[in-house]
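Taking it in order: structure first as structure tokens, then the write-up.
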Ligand code: ARG
């Protein structure tokens with residue numbers, strides 16, 4: 001909300017009332033042609049004829065009355081009856097002085113708990129670019145919700161319990177059959193070091209996967225191992241613990257790079273003890289039934305336009321699968337946290353799964369009927385050819401490869417500028433990747449064009465960082481110690497007013513981004529604000545300004561832009577480097 005706009009809307013309402021014109025809502029919106037005005041009221045046309053006015057005539061009456069207000073520099077009629085509004089510089093300044101208070105207002109505690117599940121890396125598989133998106137988007141949504149006063153609990157939900165685990169164990173046994181983990185009669189102490197590295201695991205799993213497709217006996221072995229692991233066979237469990245930990249090492253490093261962290265580092269396996277009682281309860285209460293050996297819940301609804309198949313609680317081989325652990329995990333989360341909302345950030349190919357899962361958990365009364373459950377889906381990150389990202393040799397693009405590519409590009413650019421700090425290179429690379437990822441509409445696929453996203457110009461991470469660093473460097477050079485005493489003043493400088501006009505929108509942007517769960521709204525805004533700031537910077541002497549009042553006002557504006565940029569980047573989990 002922007003108080004200045006709200007006041008204007010109220011004034012228009014009052015004017016209409018005076019004219020005996022009934023109207024429920026008055027909306028003043030940004031002017032789509034900035035050369036005509038800053039804001040606009042487009043409601044006159046709809047009201048005029050109903051009330052016996054010509055639109056232009058009514059618009060003229062409203063403008064004249066608005067013009068009386070101190071907040072107005074100019075209100076005039078355009079075209080068939082649009083009202084264009086330009087606020088006085090002083091009212092914009094007052095509004096900007098209030099921006100922190102307005103942000104605080106929208107950040108008031110909401111007394112609402114959200115549980116967010118994102119990241120979702122899988123044991124023994126490389127992180128792919130989809131996991132990167134889940135991590136970036138989830139982290140951003142979590143921070144945004146927290147900023148707006150929601151209580152948020154986050155969990156990474158490692159993929160650590162499905163059939164892949166049996167495959168990995170079988171795969172390790174093929175290579176190292178003499179390890180004590182496979183010997184059922186083994187009584188001694190198991191090794192405490194993983195017999196395989198994370199790189200080994202990334203080979204072992206796909207190999208086992210291929211073998212299981214070709215060799216039925218091996219497939220059955222994998223099934224048996226999965227079942228025995230899930231039912232507590234000691235050797236398998238000990239081996240599993242070791243390789244899960246090993247597998248998570250590179251993942252945690254990537255999360256560090258992306259500035260992503262979780263309250264809970266749980267996995268599909270965490271709810272294992274709940275599975276058997278859950279299945280029994282579902283069968284006893286007749287929510288679930290047996291169908292061809294599997295345990296299923298009907299989740300289709302009469303109004304469905306697509307075929308919604310039953311939700312599979314347990315397959316016929318009795319092993320827990322993706323859907324099983326997801327359902328049991330809700331039981332566990334509900335028991336411990338009782339969230340008002342569940343958020344899942346996963347790619348859009350999983351939409352049907354989440355639809356079934358949400359319906360099943362409501363039908364089973366695992367959550368309250370008014371608990372809100374959302375799947376925040378996202379599209380695919382594609383290569384320049386518009387097809388899902390591939391490495392040069394055609395393999396699936398791993399997150400690490402993409403990160404390395406961006407890092408190399410940024411490093412080369414920094415070297416051109418005579419810089420060579422690894423730490424700063426990492427901050428910029430992370431920002432580049434994250435901003436590229438987040439600045440696109442979450443739901444649509446997008447092309448990752450490394451040249452475009454690493455550029456210092458345009459809607460890119462480096463551009464926003466550069467702008468922020470620039471503002472900070474001006475402040476450093478000016479040796480500002482107590483910003484409190486610096487004041488914005490009315491200056492006849494369009495580029496200065498333009499920055500103010502953009503800066504007052506920050507609270508509205510936060511609300512809009514939250515409503516739409518759209519981080520690209522924040523990215524777009526950062527770009528607009530930064531653009532106007534750079535324009536101001538190039539047109540204005542700041543440090544060499546002789547008029548002390550003006551100079552201080554300019555410095556204050558640098559401070560406000562730096563602070564807003566830093567705060568908004570923080571929501572996107574992007575850090576600002578000291579220099580660039
Ligand atoms: N591990 C899954 C994957 O790689 C994502 C997990 C999403 N979260 C969930 N609770 N199902 O596709």
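Which of the three applies to segment 109-263, rounded, prolate or oblate, going by the alpha-carbon gyration tensor with a ≥ b ≥ c and a/c under 1.5 meaning rounded? In terms of gyration-tensor shape, prolate. The ranking of 375, 131 by Cβ neighbour count inside 10 Å, starting from the fewest, reads 375, 131. Considering all C-alpha pairs of segment 317-381, those separated by over 19 Å amount to 32%. Estimated at 0.36 nm per residue, the fully extended path between residue 27 and residue 101 surpasses their Cα-Cα distance by 24.4 nm.
For the pair residue 214 and residue 322, a Förster radius of 25 Å applied to the C-beta separation gives a FRET efficiency near 0.60, rounded to the nearest 0.05.
Between residue 300 and residue 476, the simple spin-label model (points 7 angstrom out along Cα→Cβ) gives 6.5 nm. Between the beta carbons of residue 408 and residue 7, assuming R0 = 56 Å, the FRET efficiency works out to 0.60 to the nearest 0.05.
Listed from fewest to most Cβ neighbours within 10 Å, the set 71, 6, 548 follows the order 548, 6, 71.
Computed from the C-beta positions of residue 390 and residue 336 and an R0 of 45 Å, the FRET efficiency is 0.65 to the nearest 0.05. Angle of helix 55-67 to the longest C-alpha principal axis of the chain, folded into 0 to 90 degrees and rounded to 10: 80°. With axes computed from alpha carbons, what is the tilt in degrees of helix 506-516 against the longest principal axis of the chain, rounded to the nearest 10 within 0 to 90? The answer is roughly 40 degrees. By its C-alpha gyration tensor, with a ≥ b ≥ c as the square roots of the eigenvalues, how is segment 225-365 shaped: rounded for a/c under 1.5, else prolate for a/b larger than b/c, else oblate? Oblate shape, in that a/c is at least 1.5 and b/c is the bigger or equal ratio. Each helix, a run of at least 4 DSSP H residues, gives -39500 (n - 2.57); summed and divided by the residues of the chain, these come to -17000 deg cm²/dmol at 222 nm.
Residues in segment 459-503, backbone N under 18 Å from the label point at residue 416 (7 Å along the Cα-to-beta-carbon vector): list them, ranges by number please. 459-467, by backbone N distance to the label point.
Annotation for residue 452 and residue 94: the two label points, set 7 Å from Cα along the Cα-Cβ direction, are 4.4 nm apart. State, as an integer percentage, the relative contact order of the chain based on alpha-carbon contacts under 8 Å between residues 6 or more apart. Over the chain, the number comes to 14 percent. Going by the alpha-carbon gyration tensor, a ≥ b ≥ c the square roots of its eigenvalues, is segment 418-513 rounded (a/c under 1.5) or, if a/c is not under 1.5, prolate (a/b greater than b/c) versus oblate? Here segment 418-513 falls in the oblate category.
Straightening the chain between residue 511 and residue 36 buys 168.3 nm, computed as 0.36 nm per residue apart minus the Cα-Cα spacing. For segment 1-80 versus segment 276-305, the inter-centroid distance based on Cα atoms is 58 Å. The spacing between segment 306-340 and segment 532-573, judged by their C-alpha centroids, is 51 Å. Distance between Cα centroids, segment 104-179 to segment 412-434: provide it in whole Å. One Cα centre to the other: 27 Å.
Quick note: the coordinates plus some simple rules give every number you see, no bench work behind them. What you are looking at is a predicted structure, and each value in this text was computed from that prediction instead of being measured. Cβ: placed from backbone, ideal geometry, glycine included. Neighbour counts: every protein chain shown.
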